[in-house]
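A.B. asks: Next up is a structure, given as structure tokens.
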Amino acid sequence: MAASNPQSGQDKLELVDGSKVAVIGGGPAGSFASYFLLEMAERADLDIEIEIYEPRDFSCVAPGGCNMCGGIISETLVQNLAAEGINLPDTVVQRGIESYVLHMDVGTVRIETPVDEKRIAAVYRGAGPRDIQVRKWGSFDHHLEELAVARGAKVTRGRVTQISMDDGRPSISVKGGEPKTYDLLVAAVGVNSPALKLFKDLDFGYEPPQTTKTFIREYFLGEEVIAKELGDSMHVFLLNIPRLEFAAIIPKGDYASVCLLGEAIDKELVDAFLNSDEVKECMPDDWEPEPRSCQCSPKIAVKGAIQPYGDRIVFVGDCGVTRLFKDGIGAAYRTAKACATTAVFEGISEEDFRSHYWPVLRSISRDNAIGKVTFSATKVIQMLPFARRAMLRMTQKEQSIPERHKDISQVLWDMFTGSAPYKDIFTRTLHPRFLGRLCWELLASAAPVRRSHP
Amino acid sequence: MKKKSIEKGALGKVYQDGEIITRQGDVGEVMYVIQQGKVDVLMGTNDHETLLRVAEEGEFLGEMAIFDHDVRSATLRAQGEVKVLTIDKKNFLKRIHEDPSLAFRIVQTMSKRVRELGDEVARLKG
């Protein structure tokens, strides 16, 4: 079925009844894109077909079903999805997060959720770590894929081996199969898939995102131990360990996920973190860094792709533009939805995507630039003991006095949860009250404080 | 994997049977999405409270507070154990300005309720 519309009398590239869309990648970006394409098409009385190509079965335990991610669904995304009619069931949410505990060498402080409610979800992208014994929860990615299938998408379990253009239309081959031609190709392959290389030969100017490596390790602790030791809190660490930018321990159902961000993460850095006093205090008494359940070193995008669209082709999620360090699934949702809205209501030409899709990606990229400044400031705080003490004191005071404005608490909450744009976080740090209190605490923190506990 | 009782560790806030989620006349700064269970929607006049309907899982409630500056038009009361997720007015409005289609389902819900009210008025007059 041709995607140009002869009835309009113009040679416009657009989806029409019978148009076929291929989505390569069945992770959140691919599933969201399929879901919203079908939803928008229904609103526009358009009958389109969607085929998702995904070699993995996310209902399998790692590594067969794993999508290598910390697995935090931000407060903003949880609310957005609820407004879209997508609720995350208890069978997928391993733990609702209600507070963040900030661990530093100078002390520890708990930052409670601004509302008395759990609105951050800890999930596993696949069915769980390698050594999982009893499957109590399902996969987040599988859940989203099923939502797309329930809307009408078809899933082909095959690895795409070739992508080419056939008479101006994208053509896709899977191993052992005949090439199939589509009216639109949505690439949702992330930055860790070998499928990303397949787009290099398509001559429309696409360059993949710049990436850096992260580190994720899983520990089985059991549901009771997790509840007792880690609770419903995400534990974040600002430690003065060379090359370590950010670290977190995320409680799931039976497991705890350790996530590290930094430069050239290697065994030495991982050992330094896991053997730190702050981590040992946070974990059970008899816990040791070995044995572990499984680990991986996935890449994350730190700078967006160049030209992530062309005629009849568009990149969503990580392989397009994502948020810096946080809320990658939220960015997958935003980009996938913007892609669907553009494709259904505007068209599928390069110009359509430039005019209506690119602005969303550009706003994420610009916000990331502010995010880099914010993370640089955090890095300075990590290196200066008196600055760490000042931050701790300011946060402790806000958390212990209910009526006090939660200036730094809100900044830290949004930084750790990825709930707010970096621009909003940065703007809040420029508030005179915030700056005044921070300056006061910086001066006051010249004298060491006693270590406190949450 | 289906769990029988409401999982307190997961998302949202759990209300016990008969607990008031929000009261008619209160200032509304959030809307609600029922995650599990049922919610009674009650409206009071003088000393009498009438059950308007029972809202079920997945339904939006209190959405008028997002779009107008009036107080809550009805009381929401948990019928049995209920789990409810709140959506903040301020942040949600900001996101609707970025992506107006985010309001589509709420408009759909409001549209459905206007139809139901119309049917109810016709039934009462008929």
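The values are calculated or read from the model by the stated rules, or taken from the named source; none is laboratory data. Computed from a prediction, not measured in an experiment: that's the story for all the values here. Heads up, the Cβs are rebuilt from the backbone with ideal geometry, glycines too, and the neighbour counts pull from every protein chain shown.
A.B. asks: All but one of (1) at pLDDT below 95; (2) assigned to a helix (DSSP H, G or I) hold for residue A:31; state the number of the condition that does not hold.
C.D. replies: (1)
A.B. asks: Mind checking which residues of the stretch A:282-333 are under 11 Å from the mean Cα position of the chain (by Cα) and among the basic types (Lys, Arg)? First the steps, then the outcome.
C.D. replies: Here is the first cut: in the stretch A:282-333, the residues under 11 Å from the mean Cα position of the chain (by Cα) are A:300-301, A:317-318, A:322-333.
Hits for the stretch A:282-333 are A:323, A:326.
A.B. asks: Still on this model: Do we have residue A:77 as in contact (Cβ under 8 Å) with a residue 12 or more places away in the chain, more than 7 Å from chain B (Cβ to nearest Cβ), under 20 Å from residue B:101 (Cβ atoms) and buried (at least 23 other Cβ atoms within 10 Å of the Cβ) here?
C.D. replies: yes
Table: residues versus (1) modelled with pLDDT under 90; (2) surrounded by 13 or more Cβ atoms within 10 Å (Cβ to Cβ); (3) within 8 Å of another protein chain (Cβ to nearest Cβ).
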residue: B:83; (1), (2), (3): no, yes, no
residue: B:86; (1), (2), (3): no, yes, yes
residue: B:91; (1), (2), (3): yes, yes, yes
residue: B:99; (1), (2), (3): no, yes, yes
residue: B:104; (1), (2), (3): no, yes, yes
residue: B:112; (1), (2), (3): no, no, no
residue: B:116; (1), (2), (3): no, no, no
residue: B:125; (1), (2), (3): no, no, no
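A.B. asks: Return only the number of the condition from (1) at pLDDT 90 or above; (2) away from every other protein chain (no Cβ under 12 Å); (3) within 22 Å of residue A:117 (Cβ to Cβ) that residue B:42 does not satisfy.
C.D. replies: With (1) at pLDDT 90 or above; (2) away from every other protein chain (no Cβ under 12 Å); (3) within 22 Å of residue A:117 (Cβ to Cβ) applied to residue B:42, the lone miss is (3).
To keep it simple, each residue is scored yes or no on (1) among the aliphatic types (A, V, I, L, M); (2) out of contact with any Ser or Thr (no Cβ under 7 Å at 6 or more places or on another chain); (3) without any contact (Cβ under 8 Å) to a residue 40 or more places away in the chain.
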residue: A:200; (1), (2), (3): no, yes, yes
residue: A:207; (1), (2), (3): no, yes, no
residue: A:216; (1), (2), (3): yes, no, no
residue: A:220; (1), (2), (3): no, no, no
residue: A:227; (1), (2), (3): yes, yes, yes
residue: A:234; (1), (2), (3): yes, yes, no
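A.B. asks: Given the conditions (1) buried (at least 24 other Cβ atoms within 10 Å of the Cβ); (2) touching a helix residue (DSSP H, G or I) at 6+ places or on another chain (Cβ under 6 Å); (3) hydrophobic (A, V, I, L, M, F, W, C), and given that residue A:106 satisfies all but one, which numbered condition is not satisfied?
C.D. replies: (1)
A.B. asks: For the stretch B:12-52, give me the residue count where each residue is assigned to a strand (DSSP E or B) and of a type in the set (Gly, Ala, Ser).
C.D. replies: Looking only at that region, the number is 3.
A.B. asks: Residues of the stretch A:114-133 being within 12 Å of another protein chain (Cβ to nearest Cβ), surrounded by fewer than 19 Cβ atoms within 10 Å (Cβ to Cβ) and touching a residue at least 24 places away in the same chain (Cβ under 8 Å), which ones?
C.D. replies: A:114
A.B. asks: Further question on the same structure: Among (1) assigned by TED's automatic domain parsing to the domain that holds residue A:329; (2) modelled with pLDDT of 90 or more; (3) in a loop (DSSP other than H, G, I, E, B), which single condition is residue A:60 missing?
C.D. replies: Answer for residue A:60: the failing condition is (2).
A.B. asks: Hey, which of the strands (runs of 3 or more DSSP E) in the stretch A:78-183, taking only ones fully inside, have at least 3 residues that are outside the structural domain of residue A:348 (by TED's automatic domain parsing)?
C.D. replies: Answer list for the stretch A:78-183: A:95-97, A:99-104, A:107-112, A:120-122.
A.B. asks: Looking at residue B:75 and the list (1) among the hydroxyl-bearing types (Ser, Thr, Tyr); (2) closer than 30 Å to residue A:335 by Cβ; (3) in contact with a strand residue (DSSP E or B) (Cβ under 8 Å, 6 or more places away or on another chain), which single condition is not satisfied?
C.D. replies: (2) is the only condition that residue B:75 fails.
A.B. asks: What tally of residues in the stretch A:223-241 results from selecting those that are within 14 Å of another protein chain (Cβ to nearest Cβ), of a type outside the set (A, V, I, L, M) and outside any strand (DSSP E or B)?
C.D. replies: Counting residues in the stretch A:223-241 that are within 14 Å of another protein chain (Cβ to nearest Cβ), of a type outside the set (A, V, I, L, M) and outside any strand (DSSP E or B) gives 5.
A.B. asks: Still on this structure: Might you check whether a residue that is farther than 17 Å from residue A:115 by Cβ, buried (at least 22 other Cβ atoms within 10 Å of the Cβ) and among the hydrophobic types (A, V, I, L, M, F, W, C) occurs anywhere in the stretch A:420-429?
C.D. replies: The answer is no, given that none of the residues of the stretch A:420-429 is farther than 17 Å from residue A:115 by Cβ, buried (at least 22 other Cβ atoms within 10 Å of the Cβ) and among the hydrophobic types (A, V, I, L, M, F, W, C).
A.B. asks: Does residue B:63 satisfy the criteria of being within 12 Å of chain A (Cβ to nearest Cβ), without any contact (Cβ under 8 Å) to a residue 24 or more places away in the chain and within 24 Å of residue B:116 (Cβ to Cβ)?
C.D. replies: No.
A.B. asks: For the stretch A:394-413, give me each residue that is without any contact (Cβ under 8 Å) to a residue 12 or more places away in the chain and either closer than 23 Å to residue B:94 by Cβ or hydrophobic (A, V, I, L, M, F, W, C) (or both).
C.D. replies: Once the filter is applied, which keeps residues that are without any contact (Cβ under 8 Å) to a residue 12 or more places away in the chain and either closer than 23 Å to residue B:94 by Cβ or hydrophobic (A, V, I, L, M, F, W, C) (or both), the stretch A:394-413 yields only A:401.
A.B. asks: For residue B:71, are the conditions met, namely being touching a helix residue (DSSP H, G or I) at 6+ places or on another chain (Cβ under 9 Å) and more than 14 Å from chain A (Cβ to nearest Cβ)?
C.D. replies: Considered against the rule, which asks whether it is touching a helix residue (DSSP H, G or I) at 6+ places or on another chain (Cβ under 9 Å) and more than 14 Å from chain A (Cβ to nearest Cβ), residue B:71 comes out as yes.
A.B. asks: Tell me yes or no: at least one residue of the stretch A:82-102 is among the acidic types (Asp, Glu) and more than 9 Å from chain B (Cβ to nearest Cβ).
C.D. replies: Yes, there is a match, as at least one residue in the stretch A:82-102 is among the acidic types (Asp, Glu) and more than 9 Å from chain B (Cβ to nearest Cβ).
A.B. asks: Is it the case, given these coordinates, that residue A:401 is surrounded by 18 or more Cβ atoms within 10 Å (Cβ to Cβ), over 14 Å from residue A:107 (Cβ atoms) and not assigned by TED's automatic domain parsing to the domain that holds residue A:333?
C.D. replies: Working: surrounded by 18 or more Cβ atoms within 10 Å (Cβ to Cβ): no; over 14 Å from residue A:107 (Cβ atoms): yes; not assigned by TED's automatic domain parsing to the domain that holds residue A:333: yes.
For residue A:401, the condition - surrounded by 18 or more Cβ atoms within 10 Å (Cβ to Cβ), over 14 Å from residue A:107 (Cβ atoms) and not assigned by TED's automatic domain parsing to the domain that holds residue A:333 - is not met.
Condition check ((1) within 14 Å of chain B (Cβ to nearest Cβ); (2) among the hydrophobic types (A, V, I, L, M, F, W, C); (3) under 23 Å from residue A:174 (Cβ atoms)) across all residues:
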{"residue": "A:40", "(1), (2), (3)": "yes, yes, no"}
{"residue": "A:49", "(1), (2), (3)": "no, no, yes"}
{"residue": "A:54", "(1), (2), (3)": "no, no, yes"}
{"residue": "A:59", "(1), (2), (3)": "yes, no, yes"}
{"residue": "A:62", "(1), (2), (3)": "no, yes, no"}
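A.B. asks: Can you go through A:310, A:317, A:330 and tell me which one is at positive phi, at pLDDT 95 or above, in the same structural domain as residue A:36 (by TED's automatic domain parsing) and touching a Gly at 6+ places or on another chain (Cβ under 8 Å)?
C.D. replies: On the way: A:310 fails: at positive phi; A:330 fails: at positive phi.
The conditions single out A:317.
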